[in-house]
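The values are calculated or read from the model by the stated rules, or taken from the named source; none is laboratory data. Note that the structure is predicted; figures quoted are calculated from it, not measured. Cβ sites come from the backbone with ideal geometry, for glycine too, and all protein chains shown count toward neighbours. Areas reflect the complete protein model, heavy atoms only, side chains present, ligands, DNA and RNA absent. Shrake-Rupley method; radii C 1.70, N 1.55, O 1.52, S 1.80 Å.
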Amino acid sequence: MIVTLIVTFIASAFIAALLYMLFNNVVTIGSKKRYSGSLEVAKGVSSYLMELMDDDKLCSYTDCSKTNQPIQLGSYSSFGNYNATATLIKRIDLNNKGEGVVYSVEVIVRNQKIPSEHSVIDFVYRVY
């Protein structure tokens with residue numbers, strides 16, 4: 001009877017451990033999926049901003065003469081469950097040296113349902 005009790009306890013502990021690992025794996029997979037979704041949105045917004053920089057139109061959406069200025073994204077600020085914000089950290093004009101313009105930008109995308117889950121892309125882009 002004691003052996004049966006010990007075997008039952010070991011089997012119960014094993015099943016509890018399997019259920020714990022299964023639950024944690026499901027939570028982790030969901031978190032990774034939401035993060036990859038927000039990261040894709042951030043990449044898309046970054047590509048849009050790079051096109052504006054290439055066409056020299058970014059300063060129409062923000063004040064390029066100041067640092068840490070928000071960029072007006074318009075319809076590109078909301079994608080499904082995600083909200084995007086962008087900030088022009090700094091713009092450096094190197095045209096007097098014939099080297100173009102350098103932009104430093106930060107893009108943040110947050111999940112509306114779970115605001116603590118977000119992705120951040122900081123990039124520096126040079127236009128000749």
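The residues of segment 79-95 that are within 23 Å of Ser116 (Cα to Cα) and open to solvent by 60 Å² or more (accessible area, probe 1.4 Å), listed by number, are Phe79, Gly80, Asn81, Asn83, Thr85. Scanning segment 15-39 for residues that are open to solvent by 50 Å² or more (accessible area, probe 1.4 Å), touching a strand residue (DSSP E or B) at 6+ places or on another chain (Cβ under 8 Å) and either among the hydroxyl-bearing types (Ser, Thr, Tyr) or modelled with pLDDT of 75 or more (or both) gives a single hit, Tyr35. Pairing residues of segment 106-128 that are small (Gly, Ala, Ser) with residues that are open to solvent by less than 40 Å² (accessible area, probe 1.4 Å), at Cβ distances under 7 Å and at least 6 apart in sequence or on separate chains, gives Ser119/Ser38; Ser119/Ala42; Ser119/Val109.
Considering only residues that are open to solvent by 100 Å² or more (accessible area, probe 1.4 Å) and under 19 Å from Ile92 (Cβ atoms), look in segment 40-59 and name the one that is modelled with the highest pLDDT. Residue satisfying both the conditions and the ranking: Lys57.
Listed here are the residues, each with its yes/no results for (1) out of contact with any Pro (no Cβ under 6 Å at 6 or more places or on another chain); (2) at pLDDT 95 or above; (3) part of a strand (DSSP E or B).
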site	(1), (2), (3)
Leu88	yes, yes, yes
Ile92	yes, no, yes
Ser104	yes, yes, yes
Lys113	yes, no, no
Phe123	yes, yes, yes
